[in-house]
Amino acid sequence: MREHNELAMEETSGTRFGNYELVRRIDIGGMGEVYLAHQLTAFNRAVAIKIIRSDLVHDTTARARFLREAEVSAHLKHDHILPLFDFGEVEGRLYLVTPYIEGGTLAARLKTSGPLSIAETHILFVPLVQAVAYIHRRGVVHRDLKPTNIMLDSEDGQVYIRLIDFGIATLQGRTASPPLTTAGHEIGTVAYMAPERLSGIAAPSNDIFSLGVILHQMLTGRLQTSTPSSDGVVPQLPEPLAQVVRQAIVNNPNERYGTAEELLKGFEQAYQQLTRPSSTSTSTLEVESTLPATNSAEQSRVRARSELVSLAHSGELPALATQLQPQTHPPVHLSFAPEDYDAPTTTFQRPQPAPALSNSRPPLLRPRPPKPPRAPRGRPNALVLIISISTVLVLMAIAAILYYGYLTVDATNVTVNFSPRLQVVSQVITLQAAPQHSLNLAQRIIPARPLRSPVMNQTQTAATTGQVNCIFGSLDCQQGVSQTDVNNLITQMQPSFDQSIKQNLAAQIQAQHGTQLGSINIAITNTVVNPQVGQPGKTVTATLSEQGSVGYFLNSEATQIATQSLTNAIVQLGPNYKEIDSTIRIGTFKLQSIDAAGVGTIAVSEGAVARYQFTDADNQALLQGLKGKALAVAQAFLQNQPGIDPTSIQINFTSGSDRKNMPTDVTHIRLLPLDASNPPSVPLTPLSGITSTPIDPTIPTVTPTTNNGN
């Protein structure tokens, strides 16, 4: 049953939730609800905020999945992966914030509009596989790829995909739990699940299988099933695409594509084969024409039409095992333009046969046809003039071709190899964990979250050593409870009792994926002694009540600030520098100090290798600077370029007799930047931390000698 405040969020526009104003609910799932909202501190920009359901606030599994999604998303930076704007907690309800995408999901697109054409599939599937290849290189396996987790974004008239939902993502090689789903949501996930997922090991093969199922669904509009169509015929995919799907979803993961890059390469080859103008489709789809195109415009028309062929009626996976048989005589469809129908009709008269000759009558004499008029003297015949001019032009063309061929053979061609300049960035940054604050990337502030254990009780009994009810101070005394007896009991109980409280708090912080701020403070909230001090009795029983408190911060929030700070440092190198993802290192967060207000200063060592990325403008400037230069001058020019590693430059002459000068035509200069296969390691500065923290003033400390009772 949902709480009242959640119902209010569903029904009321303008509800305030922390730093956000909720507009309307977009979607609801098994774990959370997604709202369109305005971020108040970012000039009311539109965002999508996902809030954990109120009935799952105390569900450790749901919270762990929510934290996992935020933590993984915070470390990913890719054009086709939805970035994380913010993450936090308001009144116990976790939330994460991403850009608002209006285009909906791929699942909704397939449901409303049916299957995609080959060209549309190519536009969406290629960046999807590129995004998956990126997370695999970062060691992450998504494990829940499906159309509902693929958003469609629109920008400048183009459609882009955005991959979302890393709630059950994990690292490669780790033992993985099944997807965290609720009733009614298992079927969609299982349909895309690789068979080896049952063994519980996460691997890139999981996602490659899911991509194969998604590719089939994009082209056919349906999932794989053995059910034939209404006419009893199971439609088929064209063989190039069928082969790609087969190799992606084969049951044995060792027989699938080894990487997402291999799957992408196979799909691109199939796409080129099917959309090449000269290729003939093996499906039952209509062929535009098998006649050769007479000009470039006709070739473009044929190519454009072939790329827009729809596969709405092709492809059930069980039918892919049957090879398509090419047609022996493909049908030819002649197309006519409007001017063909508007052309005038021309009548041709059949020649009449000559009359039969008679033996009795001589043949009729026919007049001799007149001779063609002679050309006036002094003027050359027009035909002779045309032939002469044509001959001269042909000879000139042949001479030009031979001369150009000679220049081409003797032309100087140069290949220039160099490596982009690498810069190692290593720094130590500090951030603050402050109570009652939200995440602030610009000011490097993260929330310091309080954590308290429940009040815990422990009881112990011991023999008394005191004397009570004495006459005249020392006569006729009885054995009874002394203050020393009570103090000794408490002293015996506290060490193990305190350790249990510390373990309880540490386990809670670990479940939240957090880091402890200082040491744990334990306070005695009450003591009950029976019999009371001064009362007779041979034994005394003491009950001790204690509560622990500590501050902590979320690792994901601290990592966001560290990553942003590292990006800012790399930007300072220049606009063309970008970090190499595989070299990013973020050390352990260390508490340096904490003041009386509970604000902690945290230090972290971080670093990465930045690589210069050459733009088209850079390449054109290099070509213009190299053309026509002497070899030594060209070498010096390259060594002075800010984005080039001067030790990596190699100028190779591949043809031509002139080996001392660069070509004057930039088309004969080929630039080949080399990627750094072994970037340098990034050193991290070791840090030291503190272990003490002030006593939490919200928990009173009770002296055990002052609180007795029954």
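Brief remarks on what is shown
- For region 544-639, Kirkwood radius (reciprocal of mean inverse C-alpha pair distance, Å): 17.8 Å
- Neighbours of GLN510, meaning other residues whose beta-carbon lies under 15 angstrom from its beta-carbon, give a summed charge of +3 when Lys and Arg score +1 and Asp and Glu score -1.
- Segment MET396-SER593, length gained on full extension (0.36 nm per residue, minus Cα span): 62.2 nm
- Carbon-plus-sulfur accessible fraction, region 78-147 (probe radius 1.4 Å, protein heavy atoms only): 49%.
- A straight Cα-to-Cα reach below 26 Å connects LYS146 with the lysines LYS50, LYS77, LYS111, LYS265, residues fewer than 8 places away in its own chain not being considered.
- Taking the C-alpha atoms of region 58-118, convex hull volume expressed per residue in Å³: 144 Å³
- Gyration tensor analysis over the Cα atoms of region 523-572 returns equivalent ellipsoid semi-axes of 58, 7, 6 Å (largest first, whole Å).
- Ellipsoid semi-axes for region 46-151, based on the Cα gyration tensor and the rule √(5λ), read 28, 17, 13 Å when sorted largest first.
- Potential lengthening between THR484 and PHE43 on full extension [0.36 nm per residue; Cα-Cα distance subtracted]: 152.2 nm
- Highest-first arrangement of 417-428, 383-394, 550-561, 37-48, where packing means the average Cβ count within 10 Å: 550-561, 417-428, 37-48, 383-394
- Amide H contacts under 5 Å for ASP153, placed H, 5+ residues apart: TYR160, ILE161, ARG162
- Close amide H contacts of GLN535 (hydrogens built in the peptide plane, cut-off under 5 Å, sequence separation of 5 or more or a different chain): VAL481.
- Local electrostatic count, ASP156, Cβ distance below 15 Å [Lys/Arg +1, Asp/Glu -1]: -4
- Rolling a 1.4 Å probe over the protein heavy atoms gives region 478-607 an accessible area of 40 Å² per residue.
- Placing dummy labels 7 Å off each Cα toward the beta-carbon, the span from ALA507 to ASN576 is 5.7 nm.
- By the compact-protein rule of thumb, 2.2 N^0.38 Å, the alpha-carbon radius of gyration of region 443-539 corresponds to a ratio of 1.65.
- Here the average projected area of the convex hull drawn through the C-alpha atoms of region 426-489 stands at 10.2 nm².
- Accessible area of region 557-634 belonging to carbon and sulfur atoms, whole % at 1.4 Å probe: 52 percent
- Reciprocal mean inverse distance between Cα atoms of region 607-651 - Kirkwood radius, Å: 11.6 Å
- Nitroxide proxy distance, nm - points 7 Å out along Cα→Cβ at GLN158 and SER474: 10.1 nm
The values are calculated or read from the model by the stated rules, or taken from the named source; none is laboratory data. This structure is a prediction, so every number in the text was calculated from the model and none was measured. With ideal geometry, Cβ positions are generated from the backbone for all residues, glycine too; neighbour counts draw on all protein chains shown. These area figures cover heavy atoms from the full protein model, side chains too; ligands, DNA and RNA do not enter into them. Shrake-Rupley method; radii C 1.70, N 1.55, O 1.52, S 1.80 Å.
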